[in-house]
Each structure stands twice: as C-alpha cells, then as structure tokens.
Amino acid sequence: MAERVKVWFDPEADFLEVIFSDAPGYMRETENDAVLERVDLEGNLLGFSILAVSQLAKSKPLIAELLSGRGSAA
C-alpha cells in the first residue's frame with residue numbers, strides 16, 4: 001500500500017515541513033536544534049520540520065534521530 005507524504009517549504013520563514021499524517025498532534029524538540037518532530041498523544045511520529053533550511057551546509061547532510069515510533073494514524 002502506498003503512503004502519501006506532504007512536503008511544504010516556506011521560503012520566507014526558511015522552514016521545511018514533512019507530514020506523514022494529518023492526525024492531531026504537537027511539535028517537540030529533538031537532539032538537533034534545527035529539527036522538530038510532530039507526534040500524536042501516544043508518541044507516534046506524524047512528521048517533522050527543519051528550521052533554517054538555507055543555512056544547512058551543502059557539503060554534509062543534516063542528521064537527526066527521530067525517536068518516536070511511526071504510527072499508523074491517518
């Protein structure tokens with residue numbers, strides 16, 4: 001079964017968001033200051049956001065560990 005992912009970029013805010021599910025949730029910090037994860041009340045991963053995208057180094061990837069389990073919320 002295919003899964004739909006929404007990707008949204010706001011160039012004015014320099015903000016990238018990737019959404020796996022439109023289920024209700026909230027944003028919380030990760031170990032990387034540039035990355036926030038969006039989770040539901042049970043801790044299932046709904047998506048993530050990256051702040052200051054244009055400031056990322058082009059020579060190395062951004063690495064972030066999203067600790068939440070990926071749920072089946074839709």
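Read-outs throughout are calculated quantities, based only on the coordinates presented, and are distinct from any laboratory measurement. This one's a predicted model, so the numbers in the text were calculated from it and none came from an experiment. Cβ placement follows ideal geometry from the backbone for every residue including glycine, while neighbour counts extend to all protein chains displayed.
Take the chain, mark every one of the trypsin sites (Lys or Arg not before Pro) that falls in a DSSP loop and has at most 16 other Cβ within 10 Å, then report the longest stretch left between them, sites excluded. Don't skip to the answer; put the middle values down first.
Numbers: sites that count: Arg4, Lys58.
The reported range is 5-57.
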Checklist outcome for this item: Rounded to the angstrom and largest first, Cα extents along the principal axes for the stretch 6-55 equal 32, 23, 11
Checklist entry - Given labels modelled 7 Å from the Cα in the Cβ direction, how far is it in nm from Lys60 to Val18? => result 2.0 nm
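What chymotrypsin sites (Phe, Trp or Tyr not before Pro) does the stretch 13-48 have in DSSP loop regions with at most 12 other beta carbons within 10 Å?
On the way: sites: Phe15, Phe20, Tyr26, Phe48; in loops: Phe20.
Passing sites in the stretch 13-48 do not exist.
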Item to check | For the chain, size of Cβ-based charge dipole, Lys and Arg +1, Asp and Glu -1, in debye | outcome: 260 debye
Next on the checklist: Where in the chain is the longest stretch that carries no GluC sites (Glu not before Pro) classed as loop by DSSP and with at most 14 other Cβ atoms within 10 Å?
Outcome noted: 43-64
